[in-house]
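Just so it is clear, none of the values below were taken in a lab; they were calculated from the coordinates. Computed from a predicted model, the values in this text were never measured in an experiment. Backbone-built Cβ (ideal geometry, glycine too); neighbour counts: all protein chains shown.
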Amino acid sequence: MATEYITLSRADGMTKNNTPFAQFKIANEKETINLAVWDCSPKMGPQVGQLVYFMNIQDRNGKKSANANDMRVGQLAGESHPLYHLIPRPTKRSDWDACLENLLGFCSDEKLKPIITEWGGKLYDKYDKWPAASGMHHAFPGGLATHTYQMLHMLEGLYPCLPYPIKIERCILAILFHDYGKLREYNQAGETQEDMYLLGHIYISAYTLQHVLEKAGIEQEEVKCLIHCVLAHHGEKEFGSPVVPCLQEAVVINMLDNLSAKTDSLEGTGENEYCPALGTHAIKK
């Protein structure tokens, strides 16, 4: 008997033998599963929000897979369907705006505050439609807004507790722009684009922020510090970071980025399933 799931995310790819497959995250009330479906072309369903049924799911050392022949695609789940609430939702604009308003209350740099106000609104409108990744974390439409908001919201609570001074405007702007380049690394469906390989999101993000700051007449020393925070947000060179954090603000941003990304990865990993972001298996209690 086939088991019913709802589709939470999807990323299409090609095997070394040039045959199509799709990497899915599916869930029901009992479990969340990440699995590869072989011989599943981009034209085949399911898409995010659709129901899907599997006759057989193979498990090899925690890596789950199925064949397209063992999959049946159902209808788009409506609000009345019991699995509908499992679909990730992007952050509400009202929550985003309230968070930025509270953060601006901590700010004192009158040159940077208007940039935060202007770009906070502009970026939500873009991020609200984009995934933050194709599979690792926040891999759903609007995931980029949710990931960015989580970092801002955690900063909102962390800043008053820090025992040493940091320039919060640097943190806010660097968080707002740190994943800007993912607008060009992925399309709205989460499919990778050529700029992921030609430039990478860290370079695109830093370049964009530098242009914004210089256009606003921000002093070069401050521009340099802000760009460093974006360049260093992956923390370690082996994780793709061009530089490692050497400012307090850069350390804070790296830790917040990790906390948001890794907890989301763990949340979306099934019981006793391998979680690449953590390098171990997920245990749900």
Positive-end extreme of charge dipole, the chain - chosen from 243, 2, 138 (charges on Cβ): 2
Ordered by packing density, taken as the mean number of other Cβ atoms within 10 Å over each peptide's residues, highest first, how do 78-89, 219-230 rank? 219-230, 78-89
Modelled label-to-label distance, residue 222 and residue 70, 7 Å Cα→beta-carbon offset: nm? 5.9
I'd like the distance separating the alpha-carbon centroids of region 1-48 and region 186-211, in whole Å. 25
Using the scaling law 2.2 N^0.38 Å as the reference, what is the normalised Cα Rg of region 3-86? 1.04
Which helices of the chain meet both criteria: a Cα extent of 27 Å or more along the helical axis and a mean Kyte-Doolittle score no lower than -1.0, with helices taken as whole DSSP H segments? 248-267
Which whole-number percentage describes the relative contact order of region 93-267, with Cα contacts under 8 Å and a sequence gap of 6 or more? 21
If you work out Rg and Dmax of the Cα atoms in Å from the coordinates, which of (i) 20.2, 66; (ii) 24.4, 82; (iii) 19.8, 59 do you get? (i)
Take every Cα-Cα distance within region 190-285, group them into 10 Å bins from 0 onward, and report for each bin the whole-number percent of pairs it holds. 15, 34, 33, 14, 4, 0
Computed about the Cα centre, the charge dipole of region 93-267 from +1 Lys/Arg and -1 Asp/Glu charges at the Cβ has a magnitude in debye, to the nearest 20, of 100
Could you tally the net charge around residue 201, taking each other residue with its Cβ under 15 Å from the Cβ of residue 201, Lys/Arg +1 and Asp/Glu -1? -3
Suppose the Debye formula is applied to equal point scatterers at every Cα of region 113-224; what is log10 I(q)/I(0) at q = 0.13, 0.14 Å⁻¹? -0.52, -0.60
Of all DSSP beta bridges in the chain, what percent run antiparallel (nearest 5)? 90
Using 0.36 nm per residue of separation minus the Cα-Cα distance, give me the extension gain between residue 2 and residue 243 in nm, one decimal. 81.8 nm
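Could you work out the local net charge near residue 48, counting Lys and Arg as +1, Asp and Glu as -1, over the other residues with Cβ closer than 11 Å to its Cβ?
+2
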